[in-house]
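What follows is a set of notes on a single structure, which appears directly below.
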Amino acid sequence: MASLQASNFLLSSSSSSKQIHAAISIPKLPSVRFSAPKLRQPTIQSEELNRKDGPINTIPMEKNIHRTPLVQQTSSVSMATFQLYAVLEAIGDRVEMHKNIGEQRDNWNTLLLNSINMITLTAATMAGVAAATGVGAGVSVMGLKLASSVMFSAATGMLVLMNKIQPSQHVEEQRNATRLFKQLQSQIKTLLAVGSPCQDDVNDAMEKVLALDKAYPLPLLGVMLEKFPASLEPAVWWPTKQSPNSNKALTNNNGWTRELEMEMREVVEVIKRKDSEDYERLGNKALNMNKVLATSGPLLTGIAALGSAFMVSSNSPWAATVAAVAGALASAVNTFEHGGQVGMVFEMYRNNAGFFKLMQESIESTLDECDVEKRENGELFEMKVALQLGRSLSELRDVAKKSSYSRIEGSPMDEFASKLF
């Protein structure tokens, strides 16, 4: 009996010791690394389910992330690129301003022309009716005479102001400014698309913008262009000092040959002798015509106003005749000047002369650069000149040959450089 109890005690003690040992010595589990699955973009089916079931409410988690400036984030983009984009924004704003102001001044031209003509013709009609009615009408005739005199005086003042401003010429200025700003805008976009701009490109763009602002001012008072200069001066909308473009050389001589240089010099001679001279001659004719019309209109309305005044003080039929005839002539002159937009024609010739002057300066400045590597590529430059003159490359070379032969033989050149206008 005692032996059985001892054996049971030993068995229980051994089992308990095994349990204690099992509880203390826990085997180490192998370390397993779990990788979080990447979130996938929602598919078309899930987006359609979201649209059907309605938007899923989510709570955005705020993270304290230090955001760096955009310029530091895109370190690969140069500062010159950011500056050129800023210049593009300013140019786009100027395009809209010149377009809106051009439309406004076109409305001015139409409204002022119609209003002045109606006033003048109405006053001339009143003067004729007053003269035909005679003396016996009494007070009613006196009212017609006074109204005619006042209306002629008002037409004279308005016509003087309109001739001073020349709204049709202003409209043409705004059209040209809009076109040139769009051209500069496309040039900068091309530079950003195919090249790596530098600070010189930014400075060049800024100078061109400021030169256009000076050539085509927006306000009327103070900085308005002279509408009746002594003679035609070509418009200048480019910086006075232009450095030749420095593109990478495509060949050893950068596309330039001695024959190409002689061709460009002959093209410059043709532009000087034919195109520039012709447009300056036509522009001076338009200027002189505009001066005569701008003086004749107010002068005729002034004579009509004086005739109406003499109608009031005396009953002379000649005063009424002078008032009626002068008023009708003033209306015709005003219609021809502003309806025919003679000022716009003068401005068009002035801008065309400026275009040819720009071509001369750009070709001459390129040829004056002794280092061929610093010039624009010769083949590309020749193609640009041909496109600006509306000619093919073969036609441009033929014009240069004709100019050379005409100078050698002493015969006049019978062909213009440009075929566009």
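The values are calculated or read from the model by the stated rules, or taken from the named source; none is laboratory data. Quick caveat, the model's predicted, so the values are computed rather than measured. Methodologically, a virtual Cβ is constructed for each residue, glycine included, from the backbone with ideal geometry; neighbour enumeration extends over all protein chains shown. Just so you know, the surface numbers come from the protein's heavy atoms only, side chains and all, with ligands and any DNA or RNA stripped out. Shrake-Rupley method; radii C 1.70, N 1.55, O 1.52, S 1.80 Å.
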Holding the Cα-Cα limit at 32 Å, pick out from Lys189/Lys227; Lys189/Lys285; Lys208/Lys401; Lys182/Lys401; Lys182/Lys227 the pairs that are longer than that. Lys189/Lys227; Lys189/Lys285; Lys208/Lys401; Lys182/Lys401
Counting only heavy atoms of the protein chains, get the accessible area per residue of the stretch 276-328 (1.4 Å probe) and round it to a whole Å² value. 48 Å²
Net charge contributed by nearby residues that have their C-beta within less than 10 Å of Leu218 (K/R +1, D/E -1): -1
Solvent accessible area, Å² - Arg391, 1.4 Å probe, full protein context: 20 Å²
Can you give the local net charge around Ser394? Use residues other than it whose beta-carbon is closer than 12 angstrom to its beta-carbon, Lys and Arg +1, Asp and Glu -1. -1
Using a Förster distance of 30 angstrom, determine the FRET efficiency expected from the C-beta separation of Asn114 and Val236, and round it to 0.05. 0.30
